[in-house]
1. All other residues with a Cβ under 12 Å from the Cβ of SER286 taken together, and with Lys, Arg as +1 and Asp, Glu as -1, what is their net charge?
2. A 32 angstrom limit on the alpha carbon distance is what I want to check against. Which of LYS76/LYS370; LYS206/LYS341; LYS53/LYS76; LYS199/LYS288; LYS235/LYS341; LYS185/LYS370 exceed it?
3. So how far, in whole Å, is the C-alpha centre of region 257-314 from the one of region 69-132?
4. How would you order 196-207, 126-137 from highest to lowest mean count of nearby Cβ atoms within 10 Å?
5. In whole percent, what relative contact order does region 101-204 give with Cα contacts below 8 Å and a gap of six or more residues?
6. Return the sequence-ordered ³J(HN,Hα) values of region 284-290 in whole Hz as given by the Karplus equation 6.51 cos²θ - 1.76 cosθ + 1.60 applied to θ = phi - 60°, using x for Gly and Pro.
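Only the coordinates and a few stated rules stand behind these numbers; no lab work does. Predicted model only: the values in this text are computed from it and were never measured. No Cβ is skipped: glycine too gets one built from the backbone with ideal geometry, and neighbour counts run over all protein chains shown.
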Amino acid sequence: MRPPTRSPLCLAAAALVASAALLLICGAWPGGGGFFGVSSYSSSSSSARRASKATGPEAPPSFAYWISGTGRESRKVLRLLRAVYHPRNRYLLHLDAGAAAEERAELAAAVRAERAWRELANVDVVGEGYAVDRTGSSVLAATLHGAAVLLRIANDWDWFVTLSSSDYPLVTQDDLLYAFSSVPKELNFIDHTSYLGWKEHERFEKLIVDPSLYMDRNTELLPATEPRQMPDAFKIFTGSPWVILSRNFTEHCVHGWDNLPRKLLMYFANTAYSMESYFQTVICNSSKFRNTTVNGDLRYFVWDDPPGLEPLDLDESHFDNMVNSSAAFARRFVEDSPVLKKIDKEVLNRSSVCTSLSGRQGMDVDSCSKWGDINVLRPARAGEQLRRFISEISQTRGCS
């Protein structure tokens, strides 16, 4: 009698659930950052510098950024990091298996070379580049791993923010921190809808296998032939893959004290574009968290008509609409696009020295990283505009 075999669908689900089990282990592991494959850089003065960060109800909030990229994108990741850097925040950078080990090492060396990042010890680099397909469930596994690491290495942040190398901020971090100072820290900013339309048949009734869950290289999805029924144990929600999650909800997704996050991991293991539905479905099916949901991701996109799978690349023709949109971030940008220089100069007030990604010889880059009191925010007009917008959209909460 032949032993039973496991189908690729079972393998994909098992791989994603195994990664979820690893998150639970990581959350309780009594080791240092090296267990996570994270390269952390600190100096003898970092403890004193970090101690100056005020915490508590009256202190400004802080963010934990998960910034992801792939091969030949380390320069884009560094430019984005500089644009969103603030000493109050935490940052975790990841280049997936599409990047060579040498590029990952260069990224880590660049982080180590920046004095402010080294002394404040709040920028980390994932040392291992695991495979990711951004149209499958491996990108969800990577994001949950990033959240687990950030929960493990720091307990002083309030919101988890996902960014890719093609994103860029439309406000300074002082503006963003100021705007979020006015809202409860349990709120989650997740674009969502229960209307599935064409996605019901094309996304949720069709099964896929994401080999990147169990391969060591980025691999394209494999479609399955058999369909599946729509679930009746939970209701599916979908929306933008870019989220700003509260620490409490992030812990819920990582640790999964009830069975819902784990059950949905099993389901979305074989769903295309699972990052567009997983967090939406978890939070909107949770009686504890659904009323903490704000229907907005604070991102600026421009879509074709009819819309494609990805938004259009942004350029200078979109600048005025971007800066007046009340969004905190925008995408997508191509590397070294002229509009990025315009944002640096007119929105972020960053000089050409501070935004340069070329060699450091002759550049006074350390002058770009000097901070006064990191607990005092200096918002501009954009911060006031974003604060009003967030306050307005936060009045309506829940899922519909």
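1. Charge balance in the 12 Å sphere: +3.
2. Working: LYS76/LYS370 22 Å; LYS206/LYS341 43 Å; LYS53/LYS76 28 Å; LYS199/LYS288 27 Å; LYS235/LYS341 43 Å; LYS185/LYS370 28 Å.
Over 32 Å Cα-Cα: LYS206/LYS341; LYS235/LYS341.
3. 25
4. Numbers: 196-207: 14.8, 126-137: 21.8.
Taking the mean over residues of other Cβ atoms within 10 Å, the ranking is 126-137, 196-207.
5. Details: 21 pairs, mean separation 14.0, N = 104.
It rounds to 13 percent for region 101-204.
6. 7, 9, 9, 5, 6, 10, 4
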